[in-house]
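S.K.: Handing you this structure, nothing more for now.
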Amino acid sequence: MKKYGLLSWAVSFIVLACHPKPQAELIIHNAQVITLDEALPTARAVAISRGRILAVGADSVVMRQRGARTRVIDAGGRMVMPGFIEGHAHFMGLGQSLVTLDLRDATDWRDIVQRVANAAARADSGAWIIGRGWHQEKWRRPLTPHVQGYPLHNDLSAVSPDNPVLLSHASGHGLMANARAMAAAGITADTPTPQGGVILRDAHGAATGVFLENAETLIYDAYHRYQQQQNPGQRHKNLMKQLTAATRHCLENGVTTFHDAGASYNTIDFYKKALAADSLHTRLYVMVAPDEKLDVAHFKKYKLIDGYDGMLTVRAVKQYADGALGSRGAWMLAPYSDQPGSVGQNVTPMDSIARVARAALEAGFQLCTHAIGDRANREVLNVYEQALHGATDRRWRVEHAQHIDPADQPRFARLGVIASMQTVHCTSDGAWVPQRIGMDRARKGAYVWRNLLNSGTRLANGTDAPVERLAPIENFYAAVTRRLHNGQVFFGEQKLTRMEALQSLTIWNAYAGFQEKELGSLTPGKRADMIVLSQNLLTVPENLIQKTKVLLTVLDGKVMYDHLKKGDE
Ligand SMILES: [Zn+2]
């Protein structure tokens with residue numbers, strides 16, 4: 001043993017002598033590198049070794065790390081930056097939305113039939129094909145044949161004979177089923193029409209495949225029976241499909257780390273299996289969701305920091321204080337302007353959140369509480385203030401922090417609480433916010449990023465996908481313009497600068513997960529997650545920002561998505 005030890009020492013000495021410097025596996029050069037590191041804000045090239053950033057600097061300096069086996073990528077003068085960190089979204093929810101056929105942009109019925117045919121070609125025999133969002137009024141070509149303006153199932157049944165098909169209408173008040181789905185539901189010419197529903201029939205009394213209002217239940221019940229019959233293996237396979245879709249979507253959009261805002265213990269176990277099988281290529285920072293017993297023992301059991309080589313971190317717990325503004329569920333200090341009898345509602349008793357807060361503190365977990373209304377924000381800050389009792393650097397978060405009374409805005413910084421916001425919610429919803437809460441409250445308290453920053457608050461930024469699209473560049477555009485879809489600007493004084501917006505999508509989100517020493521900037525020693533963009537987000541004219549494309553995504557030092565060549569075309 002001793003001899004062997006000496007021999008291996010001698011060999012490694014010779015190897016070291018031959019290679020005095022670590023060699024890069026990958027170098028990206030000829031780039032406008034925006035590092036998000038204040039020590040060296042811009043550079044021309046980045047070198048990577050063993051999943052870590054080896055060097056950042058001038059082309060000539062970084063090229064010294066080049067060896068015989070180094071892959072060298074010429075960025076063609078384009079922008080390189082750290083991979084986006086999604087600050088608040090729902091990973092499995094995103095995956096589920098991606099495996100469902102999105103028919104909102106279908107041009108006509110023939111287009112829909114073709115999409116279902118494509119899905120049927122990929123599906124296992126007997127598996128249901130689910131789609132959503134079709135609307136016959138939007139189709140370009142007139143429909144023949146039709147019954148009351150709706151298509152008939154025949155084409156759909158022909159392209160998908162072995163797979164039941166369920167396509168829900170954009171209105172949410174109807175669906176289209178194919179023959180296989182109707183057979184599974186036991187629909188015949190004699191099926192009685194449920195009360196409050198319509199089974200559309202042709203001249204001979206046969207069902208056309210369209211089920212409206214309460215008649216939808218007939219098909220949904222059959223679908224739910226199918227889901228329940230699946231064995232654990234099939235269920236796992238379905239989840240895997242959703243996870244794979246989510247992780248691919250992240251890479252295509254330059255998202256290398258994802259804050260999953262609420263996952264059950266079962267889901268976390270599933271992530272671990274997927275990581276062990278090398279199927280999950282997104283770093284996940286997971287907030288445990290309150291669907292099971294939340295006690296300290298459970299927290300401790302699931303606590304994981306930088307697990308699976310930095311791919312999985314579980315150190316946060318999610319709570320909900322209120323609902324959403326659109327449905328007037330956000331808990332407000334004063335009644336809604338368009339519903340004077342209501343202030344919204346508290347959805348989890350505050351003393352229950354306070355109990356979770358004490359447990360989280362004890363287990364060394366971050367607490368991340370959903371609060372949209374100004375009352376909810378105030379109550380959550382009260383709970384945090386009492387539980388933290390002067391404890392520093394716990395980085396507890398308020399998720400959304402959407403409407404905050406001016407008196408509460410400085411409390412975030414004072415308590416060291418992170419406002420985890422979604423800049424894209426402002427531009428998606430801003431048009432109807434004044435209607436709900438009036439102009440004055442909207443100006444003083446709605447999406448007040450600038451006020452919070454000025455008072456010293458740390459921000460995080462996310463998209464809440466699948467509520468919004470997982471599109472960091474759209475989120476960036478929303479942050480720097482606050483421009484609504486109707487062209488108006490929603491209280492422009494609260495805009496972020498372009499650099500702040502980039503920080504909010506990288507290093508600030510890293511900070512919000514205690515990961516700023518590993519992620520969020522292109523700094524030697526940090527994990528090598530980075531992207532190449534088609535144009536420079538700091539300099540491109542405002543009206544072209546949203547045309548920016550992600551051309552290359554590097555995760556953990558490996559090129560996981562490469563459209564750089566296509567970008568040249
Ligand atoms: Zn959410």
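S.K.: What is the distance in Å between the Cα centres of region 523-569 and region 477-512?
M.R.: Cα centres, region 523-569 to region 477-512: 19 Å.
S.K.: Do you know the relative contact order of region 362-510, to the nearest whole percent, from alpha carbon pairs under 8 angstrom that are 6+ apart?
M.R.: That works out to 22 percent.
S.K.: State the Cα centre-to-centre distance between region 53-94 and region 308-329 in whole Å.
M.R.: 29 Å
S.K.: Extending each Cα 7 Å along its Cβ direction at Glu385 and Asp202, get the distance between those two points in nm, one decimal.
M.R.: That separation, rounded to one decimal, is 6.9 nm.
S.K.: Hey, another quick one. Enumerate the residues in region 78-111 having an amide nitrogen under 11 Å from the point lying 7 Å beyond the Cα of Lys138 toward its Cβ.
M.R.: Only 102-108 pass the distance filter.
S.K.: Normalise the Debye intensity by I(0) for the chain, one equal point scatterer per Cα, no solvent, then take log10 at q = 0.06, 0.10, 0.11, 0.13 Å⁻¹ and round to two decimals.
M.R.: -0.36, -0.96, -1.12, -1.37
S.K.: Whole angstrom only: what separates the Cα centroid of region 107-162 from the Cα centroid of region 347-373?
M.R.: 46 Å
S.K.: A further question on this structure: So what is the diffusion coefficient of region 253-519 in µm² per second by Stokes-Einstein at 10 °C and 1.306 mPa s, using a Kirkwood Rh over Cα pairs?
M.R.: Stokes-Einstein gives a translational diffusion coefficient of 85 µm²/s.
S.K.: Another question about this same structure. What percent do you get for the relative contact order of region 253-519 when only Cα pairs under 8 Å and 6+ apart count? Kindly include the intermediate steps, with their values, before the conclusion.
M.R.: Details: 504 pairs, mean separation 36.1, N = 267.
Value for region 253-519: 14 percent.
S.K.: By count of other Cβ within 10 Å, fewest leading, how are Val417, Val72, Val380 ordered?
M.R.: Working: Val417 25, Val72 14, Val380 28.
Ranking Val417, Val72, Val380 by Cβ neighbours within 10 Å, fewest first, gives Val72, Val417, Val380.
S.K.: Shifting gears a bit: For the chain, take the longest principal axis of its alpha carbons; what is the angle in degrees between that and the long axis of helix 472-481, to the nearest 10 within 0 to 90?
M.R.: Its long axis makes an angle of about 90 degrees.
S.K.: Taking the beta-carbon count within 10 Å as an exposure proxy, list Ser420, Ser342 from fewest neighbours to most.
M.R.: Working: Ser420 26, Ser342 12.
Placing the least packed residue first, the sequence is Ser342, Ser420.
S.K.: Same structure, new question: Report the calculated FRET efficiency for Arg69 and Arg443 (r = Cβ-Cβ distance, R0 = 60 Å), to the nearest 0.05.
M.R.: 0.55
S.K.: How much length would be gained if the chain were fully extended between Thr42 and Asp124, taking 0.36 nm per residue of separation minus their Cα-Cα distance, in nm to one decimal?
M.R.: 24.5 nm
S.K.: Now for a different question. Looking at the square roots a ≥ b ≥ c of the eigenvalues of the Cα gyration tensor of region 507-569, which shape do they give, rounded for a/c under 1.5, prolate if a/b is larger than b/c, or oblate?
M.R.: It comes out oblate by the Cα gyration axes.
S.K.: Relative contact order for the chain: what is it in percent, counting Cα pairs under 8 Å that are at least 6 residues apart?
M.R.: Working: 1168 pairs, mean separation 86.9, N = 569.
So the answer I get is 15 percent.
S.K.: Using 15 Å as the cut-off for backbone N distance, which residues of region 25-52 belong to the label zone defined by a point 7 Å from the Cα of Ser60 along Cα→Cβ?
M.R.: Only 30, 44-45 pass the distance filter.
S.K.: Now, a different point. Hey, could you get me the Stokes-Einstein D for region 170-305, Kirkwood radius over alpha-carbon pairs, 4 °C and 1.567 mPa s, rounded to whole µm² s⁻¹?
M.R.: D = 70 µm²/s.
S.K.: I would also like to ask the following. Multiply the residue separation of Gln230 and Leu538 by 0.36 nm, subtract the distance between their alpha-carbon atoms, and state the gained length in nm to one decimal.
M.R.: On the way: separation 308, 0.36 × 308 = 110.88 nm, distance 4.99 nm.
Full-extension gain reported as 105.9 nm.
S.K.: Using a Cα-Cα cut-off of under 14 Å, which aspartates and glutamates could be cross-linked to Lys444, ignoring same-chain neighbours fewer than 8 residues away?
M.R.: Leaving aside aspartates and glutamates fewer than 8 places away in the same chain, those within reach of Lys444 are Asp374, Asp405, Asp408, Glu493.
S.K.: Could you give the size of the charge dipole of the chain about its Cα centre, using +1 on the Cβ of each K and R and -1 on the Cβ of each D and E, expressed in debye and rounded to the nearest 20? Each step should come with its number before you reach the end.
M.R.: Details: 64 positive and 54 negative charges, 345 e Å.
About 1660 debye.
S.K.: Skipping prolines and chain starts, which residues have an amide H placed within reach, meaning under 5 Å, of the one on Gly197, given they are 5 or more residues away or on another chain?
M.R.: Asn214, Ala215
S.K.: Now a separate question. Taking other Cβ within 10 Å of each residue's Cβ, how do Leu551, Leu152, Leu367 sort, fewest first?
M.R.: Leu152, Leu551, Leu367
S.K.: Something else: Assuming a ≥ b ≥ c are the square roots of the Cα gyration tensor eigenvalues, decide whether region 464-569 counts as rounded (a/c under 1.5), prolate (otherwise, with a/b larger than b/c) or oblate.
M.R.: Verdict is oblate for region 464-569.
S.K.: Another one. Any chance you could run the full-extension gain for Asp269 through Asp102? It's 0.36 nm times the residue separation minus the Cα-Cα distance, nm to one decimal.
M.R.: Taking 0.36 nm per residue and subtracting the Cα distance, the gain is 57.2 nm.
S.K.: To the nearest 10 degrees, how steep is helix 232-252 against the longest Cα principal axis of the chain, on a 0 to 90 scale?
M.R.: 60 degrees
S.K.: Here's something else I'd like to know. On C-alpha positions alone, give me the angle between the axis of helix 433-445 and the longest principal axis of the chain, in degrees, nearest 10.
M.R.: Result, in degrees: 20.
A short reminder: the numbers here are calculations on the coordinates, not readings from a lab. This one's a predicted model, so the numbers in the text were calculated from it and none came from an experiment. Note that each Cβ is placed from the backbone with ideal geometry, even for glycine, and that neighbours are counted across all protein chains shown.
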